[in-house]
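K.L.:
Below is the structure I would like to discuss, written out as structure tokens.
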Amino acid sequence: MAIETPDYRVLRQTPAFEIRRYDTMRLAEVEVGGDFERSGGEAFRLLAGYIFGDNASQQRMAMTAPVSQQPAAAREQTHRYSFVMPAPFTLETLPAPNNPRVRLREQPAQVVAVRRYRGSWSESRYREEEALLLSALAAAGITPRGPTVYARYNSPFSLPFLRRNEVMVEIEMP
């Protein structure tokens, strides 16, 4: 079964990273306290509940990818998780979440640097790939804007060597 992913345009490709331009997209997001690896289960349940009908119109929506995770700006040991909403929806046509922890917002168009990798969802693996991305960007003279985002594209039941993972960071365009 195909899962919708956001459209993007590749602006530059190197062996260490890719620069992409994403158009505006709508997100459902939630902030969850806890460590990097354990907070995801609670976040996924809340967001999946929303798209599977825990909303004002009890409307079910298609699952999309990726599930994104990043540090919440204001709080330590808190992470913001998001699902990209299916393309036909606007903020006005998305059903209101029943759970007040689930927020809907529009992500403005952005240019991001991305490092893709396969394998484990562990924090140590993520941090290793994050360091490689940030080092490669520094060597290329590219400045990140904000925290990195961890993007997971597969189900937890996927074999780790088949998983598509990405480290992303918004950048200043040179």
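K.L.:
What angle, in degrees between 0 and 90 and rounded to the nearest 10, separates the Cα long axis of helix 123-139 from the longest principal axis of the Cα atoms of the chain?
P.N.:
Taking the Cα atoms of the chain, the angle to 123-139 is about 50 degrees.
K.L.:
L134: net charge of surrounding residues, Cβ under 12 Å, Lys/Arg +1, Asp/Glu -1, itself excluded?
P.N.:
Neighbourhood net charge equals -1.
K.L.:
With a sphere of radius 13 Å drawn around the Cβ of Y117, what net charge do the other residues whose Cβ falls strictly inside it have (Lys, Arg +1; Asp, Glu -1)?
P.N.:
Numbers: positive: R115, R116, R118, R125, R127, R152, R163, R164; negative: E18, E128, E129, E130, E166.
Net of charged neighbours comes to +3.
K.L.:
What does the charge count around R164 come to, taking other residues whose C-beta lies under 11 Å from its C-beta (Lys +1, Arg +1, Asp -1, Glu -1)?
P.N.:
+3
K.L.:
Go through the stretch 52-58 residue by residue and turn each phi into a ³J(HN,Hα) via Karplus (6.51, -1.76, 1.60, θ = phi - 60°); whole Hz please, and just put x for glycine and proline.
P.N.:
9, x, 7, 8, 4, 9, 6
K.L.:
Starting from the Cα of R164, step 7 Å along the direction of its Cβ; do the same at Q59; then give the gap between the two resulting points in nm.
P.N.:
In this crude label model, R164 to Q59 measures out at 2.6 nm.
K.L.:
Follow-up question, since we're still on this one. FRET efficiency for R9 and L132, Cβ-Cβ distance as r, R0 = 22 Å, nearest 0.05?
P.N.:
Efficiency at R0 = 22 Å is approximately 0.40.
K.L.:
Under a 5 Å amide H to amide H cut-off, with H placed in plane at 1.01 Å, what residues pair with M25 once short-range neighbours are removed?
P.N.:
When sequence neighbours closer than 5 places are left aside, the close amide H contacts are Q107.
K.L.:
Between R12 and residues 5 or more places away or on another chain, which pairs have amide H atoms under 5 Å apart, with H built 1.01 Å from N, and which residues are they?
P.N.:
Excluding prolines and chain starts, which carry no amide H, the hits are I19.
K.L.:
For the ranges 114-126, 76-88, what's the packing order if you count other beta-carbon atoms within 10 Å of each residue, average per peptide, and put the highest first?
P.N.:
76-88, 114-126
K.L.:
Rounded to the nearest 500, what is the chain's calculated 222 nm mean residue ellipticity when only DSSP H runs of at least 4 contribute -39500 (n - 2.57) each, over all residues?
P.N.:
Result for the chain, helices only: -5500 deg cm²/dmol.
K.L.:
Still on this model: Which residues' amide hydrogens lie under 5 Å from the amide hydrogen of R164, considering only partners 5 or more residues apart or on another chain, with H built in the peptide plane?
P.N.:
Those lying under 5 Å, H to H, from R164 are Y153, N154.
K.L.:
Using mean Cβ contacts within 10 Å as the protection proxy, how do 135-141, 43-49, 13-19 order, highest first?
P.N.:
43-49, 13-19, 135-141
K.L.:
Can you compute 3J(HN,Hα) from phi for each residue in the stretch 26-34, using the Karplus curve 6.51 cos²θ - 1.76 cosθ + 1.60 with θ = phi - 60°, rounded to whole Hz and x for Gly and Pro?
P.N.:
With the stated coefficients, the stretch 26-34 comes to 9, 10, 9, 9, 8, 9, 9, x, x Hz.
K.L.:
When the Karplus curve 6.51 cos²θ - 1.76 cosθ + 1.60 is applied with θ = phi - 60°, which whole-Hz ³J(HN,Hα) does each residue of the stretch 98-113 get, with x for Gly and Pro?
P.N.:
6, 8, x, 6, 8, 10, 10, 8, 9, 8, x, 3, 8, 10, 10, 9
Any read-out appearing in this document is the output of simple, stated calculations on the displayed coordinates, not a laboratory observation. All figures in this text were calculated on a predicted structure; none of them were measured in a lab. Don't worry about glycine lacking a Cβ; one is built from the backbone with ideal geometry, like all the others, and counts go over all protein chains shown.
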